[in-house]
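This report refers to the structure that appears directly beneath it.
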Amino acid sequence: MLLYLIPLFILAFLLILFGTMVVLSRFRGGKYLRPIVAFASKVPILKRLIEKASQAAIERYNPELSSAMKKLKRAGADRDPNQAQRAISTLTADERKAWMEAMGQQGTLDQQPANREQRRAMERMQKGRMPAPQQKRRAK
């Protein structure tokens with residue numbers, strides 16, 4: 001009797017697992033899903049699946065970036081900065097623009113300001129103004 005329910009248990013487990021992944025990806029911009037994906041990407045089979053899914057998503061929304069990434073990977077740009085420079089010079093104008101935009105977005109994500117003062121200084125710099133000088137308070 002219980003043998004007939006095993007496929008239902010497996011299906012229910014997978015449904016709960018995927019539901020949890022969806023909720024974690026939507027909650028706070030995927031903040032809690034990132035460590036899970038990072039851990040899962042250490043498993044070779046899952047790493048290949050994640051890379052394929054990521055590549056397919058990039059091909060759908062930005063084909064120029066996808067093409068640039070393929071060319072840079074083929075040239076071995078991820079191993080040597082000199083090869084990266086040579087490979088970037090072989091990209092078309094559209095590919096180079098897409099690559100630079102992606103690298104700019106990735107850099108801004110890594111350098112999130114820690115507090116309000118740093119955030120405001122970064123906003124001033126993006127508007128083209130220099131950060132306001134620090135004013136010393138006088139002791140009374």
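The values are calculated or read from the model by the stated rules, or taken from the named source; none is laboratory data. It should be emphasised that the depicted structure is a prediction, and the values quoted were computed from it without experimental measurement. Here the Cβ positions follow ideal geometry from the backbone for every residue, glycine too, while neighbour counts run over all protein chains shown.
For the reader, a short list of remarks on this structure follows.
- Neighbours by Cβ (under 8 Å, 6+ apart or cross-chain): first from segment 21-37, closer than 17 Å to LYS47 by Cβ; second assigned to a loop (DSSP other than H, G, I, E, B): MET21/LEU33
- Residues of segment 34-51 classified as polar (S, T, N, Q) and either within 16 Å of LEU17 (Cα to Cα) or in contact with a Cys (Cβ under 6 Å, 6 or more places away or on another chain) (or both), total: 0
- Test: residue in segment 51-68 that is exposed (fewer than 10 other Cβ atoms within 10 Å of the Cβ) and under 19 Å from MET100 (Cβ atoms): yes
- Failed criterion for ALA77 (all others in (1) touching a helix residue (DSSP H, G or I) at 6+ places or on another chain (Cβ under 9 Å); (2) surrounded by fewer than 12 Cβ atoms within 10 Å (Cβ to Cβ) hold): (2)
- Restricting segment 92-124 to residues that are modelled with pLDDT of 75 or more and of a type in the set (A, V, I, L, M, F, W, C) leaves a set whose member that is farthest from GLU59 (Cα to Cα) is ALA121.
- Flag for SER54 being polar (S, T, N, Q), modelled with pLDDT of 85 or more and more than 15 Å from the chain's Cα centre (by Cα): no
- Index of the failed condition, ALA77 passing every other in (1) modelled with pLDDT under 80; (2) under 30 Å from VAL23 (Cβ atoms): (2)
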